[in-house]
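Colleague: Please see the structure below; I have some questions.
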Amino acid sequence: MSGSEKDVKDASPNGHTPPPPQRRSIWDKLPPWVSTNLRSKKSWKVFLRCWVASWVSFVIMLPDKSLQQLGNTAFFAVLLSIMLPPNMPVQIFIIAIGTLVLGLALGWAISCAAMAAALAARNQTLLKHTLQKEAQSSAGLANPDALFQAAIFRGDFLDTNSTVVFGVFLGVGTFFLALIRAYVPKLTLMSVFGTIAIDIFCSYGPLFPFSEYTLLNSLLTSVGCYVGIALIFVIFVFPETLSHSYLDSSAGLLQKFKGLLALQDEVLRADTRDVLPGTPLAGKVNGARIGMIMQLQQLMAQKQMLNLEFSWGRWSAGDVQGMLGPMQTLMARLVALANFIKLMAHPMSLTYTAGDSEDSESVADSSSTASSTVVGDTYLLRQFRERNFAAETQHHVRLVDVLPNIREATAELRGANIAVLDTLQRLIVSVNTKRWKRGHAEQDALVVELDKALATLRLAMDNFQSDRRMILLQPFRPLFEAADAGEMKSVPLRSLHIAFVFTSNLVSTTNGIIALAEYIVATAAKRPKARLWVPAGLSAFGKVLKTRRGSGEDAVGEDAAPQEELSGKDNKTYKRDPDSRPPENALQRVANVFHKLYKWTKTPEALFTFRYVFITIALWLPQVVKTSAHFVYSERGVWALIMAQTTMNIYASDQIFNYVMRLGGTFVGAVVGMVCWYIGSGHGHGNPYGLGASTAVFLFPIIFLRIFAPPQNLVAIMMLGATFVLVVGFSWIDGNLGGLVQNIGIGWSVAWKRWVLVMVGAAASFIVMMVPPKSGRKAVRLRNATTISGLSYLYSHLTSLWLAAGEPFEASHHLHTEKGVTAQRHWPAELREMMIAIAQQLQDLRVRTVMSKWEGNIRGRWAVEDYNRLLDIQTDILSSLVLMAGGLSNMDSALRKTALPHTLVLNPHFISDVISMFFMVSQSLRTGEPLHEAQYKNLADRLHYHSSNSVLGVTEGSQHAQGRKALRQSITSYEYMFYATAVVAVLQMSHSLNELRTVVADLCGEVSLEGFERWREEYDRVHAVV
């Protein structure tokens, strides 16, 4: 027995003694995101860079000369260090800060145009009269300039014509920037800061009787200071390129791959009761799966920008990007492998496993009684389950009896896979961290080690194909012999097919690891020396801005755009407008354009934009009305306008969540800001040394939270930091900067006024956004309908590949044959992209579902449990379809064609039933209409019905019967393992689809047919033939 086999030596689940619980350390008591980053050297480097940059941004406003130069918005530099810390790779930060500066420049340009137009529209006669009156009143005074300045901010020079022009430019500018925020989320920074620039300029511009294009000088100077400070730190203090960050994330993803693969040993040793949903082991596997998906999403987001930077290293941006495809495929196969724990927990979901009615068997839970039932089961299915359970128990071939064989058969292959992943990770880490070393001996040694590990993996693969897989058949050999002798009519093969699912997924995973390893070996051999890599072109930047998760409708999920994306080209080709045919003449085309524009005005993006402009004008008016202009300026009322704009969201749930986070963050930030101010300044106007030291201490936890806190807490953390900066910054400016028209106060005075401004802005946006409210719960329902449609199109696509006359995977059929490696079939790119798109949609839906709970239960309790269950079932369906794709990609084409007529899951009537179920469930969620009880079809029952009809219609002496016999005899072949996996995947999917229909019926309702259920039960008892 090999060492790998000893590691996974047979240990009965019942006899397995779990290790004693370990004592929890202080690290285990902290949240994972805290403990992980506190123990990470890389995290400490990033944190120190951001912390020092933020503190320096504050220190520059302490000396009198620099404070005079920066002006009354000197705090904006440190405020930017909270909102956009230098915690990114150099190129990403330059692009991010560039979009911010572009937004400010765009807002300034629009504002300057507004001032020029407003001055031209101003009533010159009235202006002269007002200036003469002001000059006479200040004649002979000691400081006429101060009096004139006070008159400006009292609104003495306001002019209706000029104010209206400013209002028009403000409305148009904010409308344009709101559209950018809604449709191009990657330019949110540009939109927000462009809006801030327009707000400030158009709020104060109408007060001036002459041109004052430098109103934003103080703001832009502070921003320029921060840009310089941040660039110095991000380039010279622990600098990191995007290539380095990408490879580091890739190494982390390989670590997650290795951990999930190693976790399968624990799964195979577990008792069936230890793998049920909610158990620690199931939670560990699910957490590992989610961690892989999130890490891969991060890599996908960074991939497009790799070509935009200068970097020094051995591998080019193209080399690094090339790893993503193999890693995507490998992750999909690992997810399918991790889904084995769900098969162990829900074995009743498999009703047939071979596609032959004689060799088909029902599924019984190993830990349940034979009389246990599943919701919607018919009398026929319960009979099958009882018979199969009794046969498994009698012949000792339950799943729990077969698990030791699975462990023994796959031990060597699993160990070799883990060894290759470990070597791959160390090679990538070496390439990434040894960029500046001239020699490449370490990389060469790791490449040699990787070649040896690959050779061992290929040998383990050959051993499994020729010998080790036969261990799976050992418990069933007496049954096969009895069947061949005519002593047993039906063999209980359920657990064998579940074992085939695990081993076929492991083989698919092995092929994915080999493909990734071969690519990395080839890349390492091609790039032995480090060099400077230059950007490939700026066209990639445009692609980055264009990419977004769907169209505008997809961002909110209330239209059919996501469905079009997930369904591919077919839906776009066949979908028609039921109300009109395509336009045929110029008049119809013009009318069609207006129709589309009208439809757009009803979209959530359009409504959000209109409300955005409305709230902007509503809160801007008090600043340009003479009776309130001075008060609003004195109390810095423009911050209420900015707060109202930034708190606006599309959905009521997001709006409420935003309020809670922002108000909570503002309150804590105000308290922390006051504590910092009074510790550093006492009762005076501020001590630069004391305030600098105090601020450095308080910035420490704020920056740590800003960089490493979970995304759902980011809004509160940013508000905490922003309020802290405003309290301390305004207090210092008020006490130390001369020439201010109106002092806002220090310490407590700033804090409570800041709180009131936040409340005013939040209340204004609440009124606008909640009348009428836009329900996030409706978006959750419609998005679920969309993802279900996407799953149906994915099932259709896979089924068409299965039914294809040729070789559906022949595009890359001959890869890797030059080195003597067995040719591998690879998934089509369209198929992989479709699966990833659906997985991302489901991940986003989980966040949306959690957020929608904030709408409360005003009209009644929201069935959040059902929607969470809906997501779990859709995830199971996607996993089953990934499993189906893995089986198809490895299935021998000859076996596929031979077995096609005898594969019951490919019965055309069964395929129609599956598609119909998908369609009914999706449409019920989309329209909110109830399902009908008489429409319910248990897909397992329908499969038996179709199989019975096909068997009765064919004689035993026919070619069909001979084909079935040949299929039964191929069970011991290597190719049959993948065939069985694909069949099991369809059966698992059909069971999940039954559950999906039950949950949707609970959500949308079900029209009952009196007596139908009783009559169906009686009919089944009379006509069922078991």
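Colleague: Go over the candidates Phe238, Phe257 one by one and state the one that is surrounded by fewer than 19 Cβ atoms within 10 Å (Cβ to Cβ) and of a type in the set (A, V, I, L, M, F, W, C). Spell out how you get there, then give the answer.
Modeller: Details: Phe257 fails: surrounded by fewer than 19 Cβ atoms within 10 Å (Cβ to Cβ).
None of the others qualify; the one that does is Phe238.
Colleague: Run Ala837 past the list (1) out of contact with any Phe, Trp or Tyr (no Cβ under 8 Å at 6 or more places or on another chain); (2) within 22 Å of Gln712 (Cβ to Cβ) and report the number of the one that doesn't hold.
Modeller: (2)
Colleague: Which members of region 264-291 meet the condition of being touching a helix residue (DSSP H, G or I) at 6+ places or on another chain (Cβ under 6 Å), crowded, with 17+ Cβ neighbours inside 10 Å and within 23 Å of Val420 (Cα to Cα)?
Modeller: The answer is Val267, Leu268, Val285, Ala288, Arg289.
Colleague: Next up: Exactly one condition in (1) more than 30 Å from His685 (Cα to Cα); (2) modelled with pLDDT of 90 or more is not met by Met61; state its number.
Modeller: Answer for Met61: the failing condition is (1).
Colleague: Return the residues of region 24-78 that are surrounded by fewer than 18 Cβ atoms within 10 Å (Cβ to Cβ) and charged (D, E, K, R); say none if nothing qualifies.
Modeller: Across region 24-78, the qualifying residues are Arg24, Asp28, Lys29, Arg39, Lys41, Lys42, Lys45, Asp64, Lys65.
Colleague: Looking at region 413-528, what helices (runs of 4 or more DSSP H) fall wholly within it and have at least 2 residues that are of a type in the set (Lys, Arg) and modelled with pLDDT of 90 or more?
Modeller: Values: elements: 441-466, 477-484, 494-526.
Per the criteria, 441-466.
Okay, residues lined up against (1) under 43 Å from the mean Cα position of the chain (by Cα); (2) at pLDDT 90 or above:
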| residue | (1), (2) |
| --- | --- |
| Ala151 | no, no |
| Thr160 | no, no |
| Gly173 | yes, yes |
| Ala182 | yes, no |
| Cys202 | yes, yes |
| Glu212 | no, no |
| Thr221 | yes, yes |
| Pro239 | yes, no |
| Ser245 | yes, no |
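Colleague: Is it the case that some residue within region 614-629 is under 30 Å from Phe153 (Cα atoms), touching a Ser or Thr at 6+ places or on another chain (Cβ under 7 Å), part of a helix (DSSP H, G or I) and of a type in the set (A, V, I, L, M, F, W, C)?
Modeller: Taking every residue of region 614-629 in turn, at least one turns out to be under 30 Å from Phe153 (Cα atoms), touching a Ser or Thr at 6+ places or on another chain (Cβ under 7 Å), part of a helix (DSSP H, G or I) and of a type in the set (A, V, I, L, M, F, W, C).
Colleague: Going through Ala151, Ala135, Ala178, Ala146 one at a time, which residue ends up being in contact with an Asp or Glu (Cβ under 6 Å, 6 or more places away or on another chain) and either assigned to a helix (DSSP H, G or I) or more than 28 Å from Leu100 (Cβ to Cβ) (or both)?
Modeller: Every option except Ala151 fails the conditions.
Condition check ((1) in a helix (DSSP H, G or I); (2) of a type in the set (Lys, Arg); (3) under 19 Å from the mean Cα position of the chain (by Cα); (4) at positive phi) across all residues:
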| position | (1), (2), (3), (4) |
| --- | --- |
| Met835 | yes, no, yes, no |
| Gln843 | yes, no, yes, no |
| Ser852 | yes, no, yes, no |
| Arg859 | no, yes, no, no |
| Trp862 | no, no, no, no |
| Gln874 | yes, no, yes, no |
| Ser879 | yes, no, yes, no |
| Ala885 | yes, no, no, no |
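Colleague: Among the candidates Val192, Val165, Val227, which residue alone is in the same structural domain as Pro622 (by TED's automatic domain parsing), crowded, with 18+ Cβ neighbours inside 10 Å and without any contact (Cβ under 8 Å) to a residue 60 or more places away in the chain?
Modeller: Exactly one of Val192, Val165, Val227 is in the same structural domain as Pro622 (by TED's automatic domain parsing), crowded, with 18+ Cβ neighbours inside 10 Å and without any contact (Cβ under 8 Å) to a residue 60 or more places away in the chain, namely Val165.
Colleague: Before we move on, is Trp732 surrounded by fewer than 22 Cβ atoms within 10 Å (Cβ to Cβ) and in a helix (DSSP H, G or I)?
Modeller: Criteria not met by Trp732.
Colleague: Could you pull out the residue among Thr787, Thr822 that is on the phi < 0 side of the Ramachandran plot, at pLDDT below 75 and among the hydroxyl-bearing types (Ser, Thr, Tyr)?
Modeller: Thr822
Colleague: From the residues in region 38-58 that are out of contact with any Leu (no Cβ under 7 Å at 6 or more places or on another chain) and among the hydroxyl-bearing types (Ser, Thr, Tyr), which one is modelled with the lowest pLDDT?
Modeller: If we take residues in region 38-58 being out of contact with any Leu (no Cβ under 7 Å at 6 or more places or on another chain) and among the hydroxyl-bearing types (Ser, Thr, Tyr), then Ser40 is modelled with the lowest pLDDT.
The values are calculated or read from the model by the stated rules, or taken from the named source; none is laboratory data. Because the structure is predicted, anything quoted here is derived from the model rather than measured. All Cβ positions, even for glycine, are placed from backbone atoms using ideal geometry, and neighbour counts span all protein chains on display.
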